[in-house]
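Here's the structure we're looking at; comments come further down.
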Amino acid sequence: MASNTITTLNYFLPPSDGSRPYTDIYAPSGKPVHNWIEDPHEVQIEDVRGKEELYKLDNAGFQYGREAPKHTSFLNDDEIEREYYPESIDLMKRVTGATKVVIFDHTVRRRRPGETDSGPEKRQPVPRAHVDQTPAASIARVHRHLPPTEVPSLLSKRFQIINLWRPISHAAVDWPLALCDFQSVDFKEDLLPVALIYPDREGETFGVKYNPNHQWKYLKAMTPEEFVLIKCSESVEDGSVARLGPHTAFKDVNTPEGAPPRESIELRALVFYD
């Protein structure tokens, strides 16, 4: 039985002094981690279980599917890369029709109530509406992860960045993932480029500004056998396809007492088409 939930989502506002918005991943003590303003709004999130097939990468910017992974432990990064990456590349090629998929990183998230998200081993669900890459950051990723001789040819054809997200260990009842249907997003007005500062380089993400037209969706109690593909970037910019899928973790007020804290993995992949 599908159910909708009312909750508060955290949106972004630009800094009031007009400076460039940034998030400093490992900001030194005494320096603010970010300068943008958190902007909470109450929204309705629709449970789309039973009609998941309506939402595709090309219309909504995300797409649900069901396929149990062969790798199930998700405790060791080397094992994840050795075992989970190849099966995920195969899955993404089959679902998207892409000819080349290059996974460039992954994040395992385990919610730890009362702890801070203080390093790569302690990543928790992100309770802010965002997109992982801007178009400029996406092109930079291709240059960063592929041989210079291949880049011009790859960028001359259709290319995307897609995340493959799934719960691990148990169903994601606690702090599930909400996705915003791209058809309800105003690309020019709703997205705020935010510099992502690493110790050795800079990336760029989109924070999402509030728009009452946004249509938020989730798949209630997603299991580890289910996955969602989330489009973070798209080279086709003529309006014929969705360009991205904003997303955020959220506190579901209907979560039963004692539900195990959410655990999930996301892979980020460069996806190319001939």
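The values are calculated or read from the model by the stated rules, or taken from the named source; none is laboratory data. Since this is a predicted model, take the numbers as computed values, not measurements. Because the Cβ atoms are built from the backbone with ideal geometry, glycine has one as well, and the counts that use them run over all protein chains shown. Note: accessible area is taken over every heavy atom of the protein model, side chains too, but ligands, DNA and RNA are not part of it. Shrake-Rupley method; radii C 1.70, N 1.55, O 1.52, S 1.80 Å.
The table that follows gives values for the structure above.
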{"item": "Most mobile listed residue (S153, S235, S184) in the chain, GNM with C-alpha springs under 10 Å", "result": "S153"}
{"item": "Efficiency of FRET between D58 and I6 - r from beta-carbon atoms, R0 25 angstrom, step 0.05", "result": "0.30"}
{"item": "Largest-first principal axis extents of the Cα set of region 1-96 (Å)", "result": "48, 39, 24"}
{"item": "Net lengthening on full extension, L13/V151 (0.36 nm per residue, minus Cα-Cα)", "result": "46.2 nm"}
{"item": "Top of E81, E204, E189 by mean-square fluctuation, Gaussian network on the chain, Cα under 10 Å", "result": "E189"}
{"item": "Rounded to whole Hz, the Karplus (6.51, -1.76, 1.60) HN-Hα couplings of region 244-258, x for glycine and proline", "result": "6, x, x, 8, 6, 6, 8, 7, 8, 5, 8, 5, x, 3, x"}
{"item": "Calculated FRET value between D77 and A136, using beta carbons and R₀ = 30 Å, to 0.05", "result": "0.60"}
{"item": "Radius, Kirkwood style, for region 44-85 when every pair of distinct Cα atoms is counted (Å)", "result": "12.9"}
{"item": "Cα→Cβ-extended label distance, 7 Å offset, between A27 and V253, nm", "result": "3.1"}
{"item": "Rounded accessible area per residue of the chain, 1.4 Å, Å²", "result": "47"}
{"item": "Spherically averaged projected area of region 36-182 from its Cα convex hull (nm²)", "result": "11.2"}
{"item": "Sparse-neighbour loop sites [trypsin sites (Lys or Arg not before Pro); region 222-272; at most 15 other C-beta within 10 Å; DSSP]", "result": "K251"}
{"item": "Percent of Cα-Cα distances greater than 20 Å, calculated over region 183-274", "result": "54"}
{"item": "Accessible carbon and sulfur surface of the chain relative to its total accessible area, %, 1.4 Å", "result": "51"}
{"item": "Selection from P21, N76, L177, by position along the positive dipole direction of the chain (Cβ)", "result": "N76"}
{"item": "Helix-derived mean residue ellipticity, 222 nm - over the chain, DSSP H n ≥ 4, -39500 (n - 2.57), to 500", "result": "-3000 deg cm²/dmol"}
{"item": "Value of Rg/Rh across the chain [Cα atoms, Kirkwood radius]", "result": "0.93"}
{"item": "Cβ-derived FRET efficiency at R0 30 Å, E202 paired with Y273, nearest 0.05", "result": "0.60"}
{"item": "Nearest-10 value in Å² for the accessible area of R111, using the 1.4 Å probe", "result": "60"}
{"item": "Ranked packing of 156-167, 140-151, 26-37, 58-69, most packed first, by mean Cβ within 10 Å", "result": "156-167, 58-69, 140-151, 26-37"}
{"item": "Cubic angstrom per residue, convex hull over Cα atoms of region 128-171", "result": "121"}
{"item": "Whole-number D in µm² s⁻¹ for region 135-251, Kirkwood Cα-pair radius fed into Stokes-Einstein, 37 °C, 0.692 mPa s", "result": "204"}
